[in-house]
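Undergrad: Sharing a structure, written as structure tokens. Questions coming.
The values are calculated or read from the model by the stated rules, or taken from the named source; none is laboratory data. What you are looking at is a predicted structure, and each value in this text was computed from that prediction instead of being measured. Glycine also receives a Cβ, built like all others from the backbone with ideal geometry; neighbour counts cover every protein chain displayed.
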Amino acid sequence: MKRIAVVEDEEMVAQELATMLGKEGYEVSLVSDFASVTETVLQDPPDLLLLDINLPEKSGFQICREIKNKSAVPVVVLTSRDQLRDELHALELGADEYITKPYRKERLLARIANVLKRYEGRSNMLEGPGFLLDRGTYTLYIDNHSVLLPKNQGKILEVLMLDMGSVVPKETICEAVWGTSEFIDENALQVNLTRLKKTMAGLSMKLTVTAARGVGYQLVPIEEAP
């Protein structure tokens, strides 16, 4: 049974959505702690997130950005904001669908079903800007073709993507690649990082790896790289 997390601050609307989705065979969880939506979703990822934009504590735009930066959970925005600029902004942040209220039940259900179908088989995928990484094979999908990364490069990219935008300690990376953070030659890590950066540049990816001196490494947009 597919599980849908609903983030909607109007209780009547939230209950209406829960009832409707439940009748269609979905398991529904209502997220009511609007200050920690991202943490709740990432801790126990649903099959799909149905997200309002106008929320207390934190904007749905910010929530969408945070979730899409750290997971491949599909996001369907359901909002009363019907301006084109809002829709485009949500889609730029990674939203998979943008539906305005009042909504037609049949249309909403069809859009949800279509998004879930698109994501079938992608539970093992990590999603970045313009690319996907298969965590099982370390295959990188970008620009309609696939590239099989060497195992060490794939593991480094995986651990950096799992904490996208944050500095990942060197010890965490070494643990992921070699199973330990002890007795690892610093040059071995540098060689693998350099090779990964070269691979990413060769694929014209929008991200690169940068170092936080003495701490670790992180993925940043190309335009923000030093």
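Undergrad: Please determine whether any residue of the stretch 152-160 is among the small types (G, A, S), surrounded by 13 or more Cβ atoms within 10 Å (Cβ to Cβ) and either farther than 17 Å from G94 by Cβ or free of Cβ contacts under 8 Å to residues at least 24 places away in the same chain (or both).
TA: yes
Undergrad: Counting only residues that are touching a Ser or Thr at 6+ places or on another chain (Cβ under 7 Å) and among the acidic types (D, E), which one in the stretch 40-68 is modelled with the highest pLDDT?
TA: If we take residues in the stretch 40-68 being touching a Ser or Thr at 6+ places or on another chain (Cβ under 7 Å) and among the acidic types (D, E), then D52 is modelled with the highest pLDDT.
Undergrad: Right, here's the next one. Considering only the stretch 173-202, how many residues are among the small types (G, A, S), surrounded by 11 or more Cβ atoms within 10 Å (Cβ to Cβ) and part of a helix (DSSP H, G or I)?
TA: Here the count works out to 3.
Undergrad: From the set of residues in the stretch 93-127 that are in a strand (DSSP E or B) and over 21 Å from G60 (Cβ atoms), which is nearest to the chain's Cα centre (by Cα)?
TA: The residue in question is L126.
Undergrad: OK, next. Name the residues in the stretch 83-105 that are in contact (Cβ under 8 Å) with a residue 12 or more places away in the chain and of a type in the set (A, V, I, L, M, F, W, C), would you?
TA: Across the stretch 83-105, the qualifying residues are A90, L93, A95, I99.
Undergrad: Then there's this: Give me a count of the residues in the stretch 203-226 that are among the charged types (D, E, K, R) and in a helix (DSSP H, G or I).
TA: Residues flagged as among the charged types (D, E, K, R) and in a helix (DSSP H, G or I) within the stretch 203-226 amount to 2.
Undergrad: Of all residues in the stretch 116-149, count the ones that are out of contact with any helix residue (DSSP H, G or I) (no Cβ under 9 Å at 6 or more places or on another chain) and crowded, with 19+ Cβ neighbours inside 10 Å.
TA: Count: 1.
Undergrad: Same structure again: All but one of (1) crowded, with 17+ Cβ neighbours inside 10 Å; (2) closer than 27 Å to V41 by Cβ hold for K170; which doesn't?
TA: (2)
Undergrad: Which ranges mark the strands (runs of 3 or more DSSP E) fully within the stretch 1-89 that have 2 or more residues being surrounded by fewer than 20 Cβ atoms within 10 Å (Cβ to Cβ)?
TA: Numbers: elements: 3-7, 27-30, 48-51, 75-79.
Ranges flagged: 27-30.
Undergrad: Right, something else. When you go through (1) closer than 28 Å to M164 by Cβ; (2) surrounded by fewer than 20 Cβ atoms within 10 Å (Cβ to Cβ) one by one for R107, which number turns out not to apply?
TA: For R107, the failing item is (1).
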